[in-house]
4 protein chains.
Amino acid sequence: MKVAVVGATGVAGQQFLTALENHPWFELKRLAASERSAGKKYKDAITDASSGATRWFCGVPCPKAFLDIVVEDAAKLVIDDIDIVFTAIESDAAKEVEPLYAKKCPVISTASAFRYENDVPVFLPGVNGDHAALIELQRKNRGFKGFITPGPNCTTVGLAISLKPLYDAFGIGSVIMTSMQAVSGAGRSPGVLSFDITDNVIPYIPKEEEKVQKETQKILGAIKGGQIEPAPFGVSCTCTRVNVLDGHLETVFVSLKKKATLAEVKEVWKNGYKEILGLGLPSAPPELIHYTEEPFRPQPRLDRDLYDGMATVIGRLREDHVLPNGVKYVLLSHNTKMGAAKGAILTAEYLIKRGVIS
Amino acid sequence: MKVAVVGATGVAGQQFLTALENHPWFELKRLAASERSAGKKYKDAITDASSGATRWFCGVPCPKAFLDIVVEDAAKLVIDDIDIVFTAIESDAAKEVEPLYAKKCPVISTASAFRYENDVPVFLPGVNGDHAALIELQRKNRGFKGFITPGPNCTTVGLAISLKPLYDAFGIGSVIMTSMQAVSGAGRSPGVLSFDITDNVIPYIPKEEEKVQKETQKILGAIKGGQIEPAPFGVSCTCTRVNVLDGHLETVFVSLKKKATLAEVKEVWKNGYKEILGLGLPSAPPELIHYTEEPFRPQPRLDRDLYDGMATVIGRLREDHVLPNGVKYVLLSHNTKMGAAKGAILTAEYLIKRGVIS
Amino acid sequence: MKVAVVGATGVAGQQFLTALENHPWFELKRLAASERSAGKKYKDAITDASSGATRWFCGVPCPKAFLDIVVEDAAKLVIDDIDIVFTAIESDAAKEVEPLYAKKCPVISTASAFRYENDVPVFLPGVNGDHAALIELQRKNRGFKGFITPGPNCTTVGLAISLKPLYDAFGIGSVIMTSMQAVSGAGRSPGVLSFDITDNVIPYIPKEEEKVQKETQKILGAIKGGQIEPAPFGVSCTCTRVNVLDGHLETVFVSLKKKATLAEVKEVWKNGYKEILGLGLPSAPPELIHYTEEPFRPQPRLDRDLYDGMATVIGRLREDHVLPNGVKYVLLSHNTKMGAAKGAILTAEYLIKRGVIS
Amino acid sequence: MKVAVVGATGVAGQQFLTALENHPWFELKRLAASERSAGKKYKDAITDASSGATRWFCGVPCPKAFLDIVVEDAAKLVIDDIDIVFTAIESDAAKEVEPLYAKKCPVISTASAFRYENDVPVFLPGVNGDHAALIELQRKNRGFKGFITPGPNCTTVGLAISLKPLYDAFGIGSVIMTSMQAVSGAGRSPGVLSFDITDNVIPYIPKEEEKVQKETQKILGAIKGGQIEPAPFGVSCTCTRVNVLDGHLETVFVSLKKKATLAEVKEVWKNGYKEILGLGLPSAPPELIHYTEEPFRPQPRLDRDLYDGMATVIGRLREDHVLPNGVKYVLLSHNTKMGAAKGAILTAEYLIKRGVIS
């Protein structure tokens, strides 16, 4: 399938390029960015003219095959030969251009622009494939031949993945979560200054808590009458920024509807996600959840790269005696891999296997 | 009053020295440490013989007046001329020597050795002065003329200070807390290696969670029949270590017994601690709780030194819709000031004012 | 004397405000910034409208007396009632507005705009007061009643202070220097991202090496025929950025013209700067150079705040057997105190005492 | 060939294990450590009994094949079936046990114990293979059938690799170097505390500067009359510790004997090491020196893992006008890969190819 990446010069866009190198199903045909980069070869678009420095921010080098692709203007991108558009742009820009692309083909986005619309599914692979039912509604409402589906906020991803098997097996009464989020989550414009975060924690990330609370309920919601009915449990968060490069750590306290032993909880995590793991998706990890018995884990630096950042690593499962049927644990999710571009690609693979994209 | 500091060469001991410089009530008469340092002048005891480096770890220089005091062997310390002993030693050593000192005079300790004994009060100034009632029991049980009182774990301090006014005004049903603790809390032997905490969070601190849970209930407990009856609400914690030098940050979710508005919560914090703040104690801050309306605060680096580290800085008070009558907030407490030596000195001042030490 | 601060809302401008609080000689009368802030009270100009966060970046709170001053437009600032203008603005803006101010009064600047002009002295207090001779030339050339004098680059400051006594006593053949510079030196727009500097060193700071080389020669130059003749020794640098908040550390290798023992070098450092230290200048530290015998010092975090950041702390003086008459040492200088606003204020004080400003 | 690793439980030993996994030439047969670990399976020897935590410090998991090997007591290790012993132990221990092993077989060590002995070669692969001539002398002197060869200090490695081609092509008059060394270089006992290095630089590493100066001269020395005649140029260093996990960065100023253009310098770096690179050694990188034209590189975090840490990455080559025929540059070398275990393995491979080990 032929794919385009829009927002290709930004950090999130670069992560798409990295994830698409040598992808067995996808051929990267077009790169688009803002007008400023349009017309330049990709390698020139990511080179700072005054200093000669390369503005490439992934840990691995830029795939050579993409360096000479000429970047197009996102606003004028022609996608007649494209099967899927991946977008990695700011929310305001997404609001304008994603509907243009969706007229013709599926758009899988990391932007939040359409995340809270009633006719827009927010897919988390393995969790809510049935939300594809919304696509017909979206097409009808908006006159799209394709559709738009944004991925969840990176802080929601690990939390929802950890909750889904518990919700299915035991029911959930409520969730209390504190996040310690990596600086890469803030991007680079303006990003997090060393001066602000060194020897420090910043205990507030604007809008993050509301996003996590709302998205968790939507993603775990059920399709009823062609609509999503949000999961009926409360989610309460405090989201903080810590001096970590990549990987969001979250402490989670969950009240289950039905009493479960710690062994039972581990068991449902272990057996969850059988369906998606059996599909042979190229970007899927061997396990979506990896439970570690190491007492001091998960740790962002040591565990974020497990399965190339596609695992949710959970540890420290304990009983909680404060909440009814309470359990508590710590989870780690790679915010710029499973939580962004590579997660979006996994979604695309999943939707193809299910026949939603063809 | 004449005071001694035991464990004077360690980090916590050094903080006692700093806090005792120019103290209006206390005259530092004796310094004690392990046998290895005994007989040396203090300045030599904190000098590394091989490199000539000074092993002094406070941000301000060592008080000059103390440099020439000859360090004594803690195990053989004679305290006939001493009114209060401050100890800053490991728990095992405390178990042995603190009873020796307590035979003759009050011992105020940062060690946890006796913290969970039934006849030992754990004072938090302004919170539980009435626990002094235990001292008679302790004397009777142990044949002391003095007594032992350890301070709380540094992670308990800010939490208990924030909870006490809420408990008095509204009652507390339960508490869920996640801490992000500074590396200074781990001391220097072995302490936290840069290699382990850079670009990382360590989500487990052995025994810390149990301490906080137990101590919070004890400190907020009521005296009944000459004993402490622990506060009857549950406390559930996840304690983590972050790459911060000083200052423990905690996210707190509290279920109140009685519904309170955010304004009412701020009001009780503002008006709490009137008694202790009116006593004219030299180490007391102008406020025990400082509430900040700044949306991104409290932050460890920016707020830990407020009132020389004696304030609990609270911010981000919000309603919590998951817990019954829930409120949530973020607090910061300086773990090596109010949470250790200087807190112990404030306790001493308080006990003097109340006539418990005379 | 009545002073104005231009660029008052930026980080460097804020440091001027901090340094001018309770200054015995200077009364802050006017604050100016870009058009965007003009007309607002200072407290509003530093408040982020969307989040309500205060954008104040100094370690101590903003002086209360200045919060209600209405900020003026730097381009239209009327300075008829002002005796000295301190500017803390970008070089491009400085090029435009500093000459406007200089028509009427002295302008002391942290910008580099005029630093390399032949008729512009770059004062480093205690080092080159005789460069005041250039002011007449500048006035003649440019038709100023006042004058412009920029301070040196923050990386030059400590180096030149350490070299001056050596140069006077022994002569200097050449200097090789490697700097490890703090992130605060890069300001906040865009500043240094945590993502770029955590677990890292950035071995290049554009234009920095050229500045240090040129400025050191200019500052230590001699007045000959009304002009500065640059000091005739070579300076070769590699400037790097490290993950430190404040304080530039520099390793220095100096070839002296005349052989000197280490004791002689320490002696000239100790006895240097007698003149300026005897003038009773309010911002002058007790020593301009503090030599430490501690083997592991100077260290940025432990030593940068000595004398409120106005000392150059030197340590590790050793013989160097590679350079002729070589000595090597390590120095530390606070880049945003002595290296910026507070250094500029010390310059102002010095020029007043010498009658250059009256 | 069958190899043993002594000091297998320490950090450096673990790096040997990682580097020996799937090695095409070497089969790991024996693991030894201190008496405390002897008799335990390796997996148990690296597990903390009280907490259950695994004390494994490499970025990749411990090779599974080694987990069940029973650790032996280093002092009693029988090596009759072993062809090469790799040791990663403290200098004091090395002094005792390495001669025992060397009686029977070659010992390649990361310890400094024998580094400065006249009959002991310090191999740096590709630089000084001819120093093998010393082995006969060593055998005669000490009655060994095998021999001892320690690798250089990790800070020497990159410097000597960068200098060797310059020395051969142009001659060297003198070298001035400042290092910014990673915390992993200090190991874990006691290692570098986060409390000491966060927001800081420590400008002194005991004995490091002397080692680098002496070793560089020895490694680049010539064999004359069966002895090494140290290279006749001076090396002057200041070695510092920065808050970086892995990778030593060095700023280097070199005076060449013969004038060379920057292009010529790059050329000799590019063409150097042809011999060793042509040998097909399994651990050799494609280039020993990688020169980067990126203006802000090399950076420790971004460049240390090039060729799995076996490259010396050089950048920022400039003319230096202070030293005669001066050039200056910045280099980066991975201190625990090429600078320790993996470098030792490359040495072993090289000595096998040359027939020194057979």
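Derivation of every value follows stated rules applied to the coordinates shown; laboratory data play no part. None of these values were measured; they are calculated from a predicted model. No Cβ is skipped: glycine too gets one built from the backbone with ideal geometry, and neighbour counts run over all protein chains shown.
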message = For C:Thr312, what residues show an amide H to amide H distance below 5 Å, using hydrogens built from the backbone and excluding near sequence neighbours?
response = C:Ile289, C:His290
ask   = Between the range A:8-32 and the range D:115-189, how many Å separate their Cα centres?
value = 45
inquiry  = Please report the projected area of chain C's Cα convex hull averaged over all directions, in nm².
reply    = 17.5
remark   = Partner lysines whose C-alpha sits under 29 Å from that of C:Lys40, ignoring same-chain residues fewer than 8 away, are A:Lys207, C:Lys2, C:Lys29, C:Lys64, C:Lys76, C:Lys95, C:Lys103, C:Lys104, C:Lys337, C:Lys342
Over chain B: helical MRE at 222 nm, DSSP H runs n ≥ 4 each giving -39500 (n - 2.57), nearest 500 = -8000 deg cm²/dmol
key: Estimated dipole of the range D:100-235 in Debye, rounded to 20 [Cβ of Lys and Arg +1, of Asp and Glu -1, Cα centre]   = 700
query = Put a point 7 Å out from Cα along the line to Cβ at D:Tyr116; what are the distances to that point in the other copies, in nm, shortest first?
reply = 4.6, 5.2, 6.8
key: Spacing of the two label points (7 Å from each Cα toward its C-beta) at B:Arg55 and B:Ala133, in nm   = 4.5
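Take peptide A:182-194, look around each residue's Cβ out to 10 angstrom, count Cβ atoms belonging to other protein chains, and average those counts.
Across the residues of A:182-194, the mean count of other-chain Cβ atoms within 10 Å is 6.
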message = I'd like the Karplus ³J(HN,Hα) series for the range D:305-317: coefficients 6.51, -1.76, 1.60, θ = phi - 60°, whole numbers in Hz, and an x wherever there's a Gly or Pro.
response = 8, 4, 6, 6, x, 9, 8, 9, 9, 10, x, 6, 5
task = Apply the Karplus parameterisation 6.51 cos²θ - 1.76 cosθ + 1.60, with θ equal to phi minus 60°, to every residue of the range C:162-170 and state each ³J(HN,Hα) to the nearest whole Hz, in sequence, with x for glycine and proline.
result = 6, 7, 3, x, 5, 4, 5, 8, 10
query = How long, wide and thick is the range C:155-333, going by the Cα atoms along their three principal axes, in whole angstroms, largest first?
reply = 46, 38, 31
request  = Sort A:241-251, B:199-209 for me by packing, meaning the mean count of neighbouring Cβ atoms within 10 Å per residue, highest on top.
outcome  = A:241-251, B:199-209
query = Once the principal axes of the Cα atoms of the range B:122-188 are found, what is the range along each, listed largest first in whole angstroms?
reply = 41, 40, 18
task = Mind listing the label-point distances from B:Lys145 to the same position on all other copies, shortest first, one decimal in nm, points 7 Å along Cα→Cβ?
result = 7.5, 8.1, 9.8
request  = Write down Rg/Rh for the range B:170-221, rounded to two decimals, with Rg from the C-alpha atoms and Rh from the Kirkwood relation over Cα pairs.
outcome  = 1.08
request  = Work through the residues other than B:Asp68 whose Cβ is under 10 Å from its Cβ and net out their charges, Lys, Arg +1 and Asp, Glu -1.
outcome  = +2
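Which of the three applies to the range A:69-191, rounded, prolate or oblate, going by the alpha-carbon gyration tensor with a ≥ b ≥ c and a/c under 1.5 meaning rounded?
Oblate, because a/c is 1.5 or more while a/b does not exceed b/c.
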For the range A:237-253, 3J(HN,Hα) per residue [Karplus equation, 6.51 cos²θ - 1.76 cosθ + 1.60, θ = phi - 60°, Hz, x = Gly/Pro] = 10, 10, 10, 10, 10, 10, 7, 10, 6, 9, x, 8, 9, 9, 9, 10, 10
query = Could you state the number of Å between the C-alpha centres of the range D:207-226 and the range A:230-256?
reply = 56
query = Measuring label to label, 7 Å along Cα→Cβ, what does B:Leu277 give against each other copy in nm, shortest first?
reply = 4.5, 5.6, 7.1
note = Residues other than C:Lys328 with Cβ under 12 Å of its Cβ, Lys/Arg counted +1 and Asp/Glu -1, net out at -2
remark   = Any residue on another chain or 5+ positions along whose placed amide H is under 5 Å from the amide H of A:Ile172 is listed here as A:Lys257
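So if I place +1 on the C-beta of Lys and Arg and -1 on the C-beta of Asp and Glu, and nothing else carries charge, what would the dipole magnitude of the protein assembly as shown be about its Cα centre? I want it in debye, nearest 20. Can you show the working numbers first?
Numbers: 168 positive and 164 negative charges, 0 e Å.
It comes to approximately 0 debye.
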ask   = Counting DSSP beta bridges with both partners in the protein assembly as shown, what percentage is antiparallel, nearest 5?
value = 50
query = Tell me, what is a quarter of the convex hull surface for the C-alpha atoms of the range D:1-129, in nm² with one decimal?
reply = 8.6
task = Towards the positive end of the charge dipole of chain C, with charges on Cβ (+1 Lys, Arg; -1 Asp, Glu), say which of C:Phe144, C:Val71, C:His334 has the farthest Cα.
result = C:Phe144
message = If amide hydrogens are placed 1.01 Å from N in the peptide plane, which non-local residues have theirs closer than 5 Å to the one on C:Ile223?
response = C:Glu229
task = Quick one: grab Rg to one decimal and Dmax as a whole number for the range A:92-162, Cα atoms only, in Å.
result = 11.9, 36
inquiry  = Normalised radius of gyration for the range A:126-235, please: alpha carbon Rg relative to 2.2 N^0.38 Å, two decimal places.
reply    = 1.29
request  = Could you list the residues of the range D:331-349 with an amide nitrogen less than 17 Å from a label point located 7 Å from the Cα of D:Asp308 in the Cα-to-C-beta direction?
outcome  = D:334-349
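Give me C:His290, D:His321, C:His23 ranked fewest to most by other Cβ atoms within 10 Å of their Cβ, as a rough exposure proxy. If you can, show how the numbers build up before the last one.
Values: C:His290 19, D:His321 12, C:His23 16.
Placing the least packed residue first, the sequence is D:His321, C:His23, C:His290.
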Compactness of the range A:1-69 as Cα Rg over 2.2 N^0.38 Å, two decimals = 1.05
task = Identify, for chain C, the residue whose C-beta comes nearest the rotation axis onto chain D, and round that distance to whole Å.
result = C:Thr178, 2
query = Under a point-charge model restricted to the Cβ atoms of Lys and Arg (+1) and Asp and Glu (-1), what is the dipole moment magnitude of the range A:154-333 relative to its Cα centre, in debye to the nearest 20?
reply = 380
Rg and Dmax [Cα atoms of the protein assembly as shown; Å; Rg one decimal, Dmax integer] = 33.2, 93
query = Mind checking the angle between helix C:208-219 and chain C's longest principal axis? C-alpha axes, 0 to 90 degrees, to the nearest 10.
reply = 80
ask   = Other chains' Cβ within 10 Å of D:233-243 residues: what's the mean?
value = 6
